[in-house]
1. All but one of (1) part of a helix (DSSP H, G or I); (2) modelled with pLDDT under 95; (3) more than 29 Å from ASN81 (Cα to Cα) hold for ASP23; state the number of the condition that does not hold.
2. Out of LYS82, LYS112, which single residue is charged (D, E, K, R), at pLDDT 95 or above and over 16 Å from the mean Cα position of the chain (by Cα)?
3. Being among the basic types (Lys, Arg), surrounded by 13 or more Cβ atoms within 10 Å (Cβ to Cβ) and out of contact with any strand residue (DSSP E or B) (no Cβ under 6 Å at 6 or more places or on another chain) is the requirement here; does ARG34 meet it?
4. Considering only residues that are out of contact with any Lys or Arg (no Cβ under 9 Å at 6 or more places or on another chain) and either within 30 Å of TYR30 (Cβ to Cβ) or aliphatic (A, V, I, L, M) (or both), which ones fall in region 68-108?
5. Would you call THR93 hydroxyl-bearing (Ser, Thr, Tyr), under 24 Å from SER43 (Cα atoms) and either in contact with a Pro (Cβ under 7 Å, 6 or more places away or on another chain) or loosely packed, with under 11 Cβ neighbours inside 10 Å (or both)?
Amino acid sequence: MKIKNIYFERLQSSQIESILNKDLPIKLAYLIGRAFDKLNSESRTYFKMKQKLIEKWAEKDKNGKIKTEKDNQTIIWKDYNKFIKELRELQDTEVEINIKPIEIDLDELEKKGITFKPGEIMLMPFLKIKT
């Protein structure tokens, strides 16, 4: 399965937990859990590279610490436009992740009282929804 790195910006552990905490059939829960494990592994690489870009383009004080505005959250950049250009290049990069499509029947799950919010489904690009 191919996926762009930008996907990892939307993937949050709290949302994954919400999905995995549903009373899913055990095989489906296992397959979804494995898929998220693979995605999490790839996301660690993405975030390491993103941090490398931040380190590269952020201004640093004399101790090598990243400078921020008075709010201590907004980074002061050497060249913000170059940072954004490289970040977008990183985010637009497609990666191949070895995840087989997981077929689900939403109607059958709903009969069992199991539902997914649209946002949850969007977090699972590996799903093949049975129609």
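1. (1)
2. It is LYS82.
3. yes
4. Scanning region 68-108 gives ILE84, LYS100.
5. So THR93 does not fit the description; no.
To keep it simple, each residue is scored yes or no on (1) over 30 Å from THR131 (Cβ atoms); (2) in a strand (DSSP E or B); (3) touching a residue at least 12 places away in the same chain (Cβ under 8 Å); (4) of a type in the set (Gly, Ala, Ser).
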position: SER14; (1), (2), (3), (4): no, no, no, yes
position: ILE19; (1), (2), (3), (4): no, no, yes, no
position: LEU31; (1), (2), (3), (4): no, no, yes, no
position: ASN63; (1), (2), (3), (4): yes, no, no, no
position: LYS70; (1), (2), (3), (4): yes, no, no, no
position: LYS82; (1), (2), (3), (4): yes, no, yes, no
position: ARG88; (1), (2), (3), (4): yes, no, no, no
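The values are calculated or read from the model by the stated rules, or taken from the named source; none is laboratory data. This is a predicted model, so every value here is computed, not measured. Here Cβ is always computed from backbone atoms with ideal geometry, including for glycine, and neighbour counts include all displayed protein chains.
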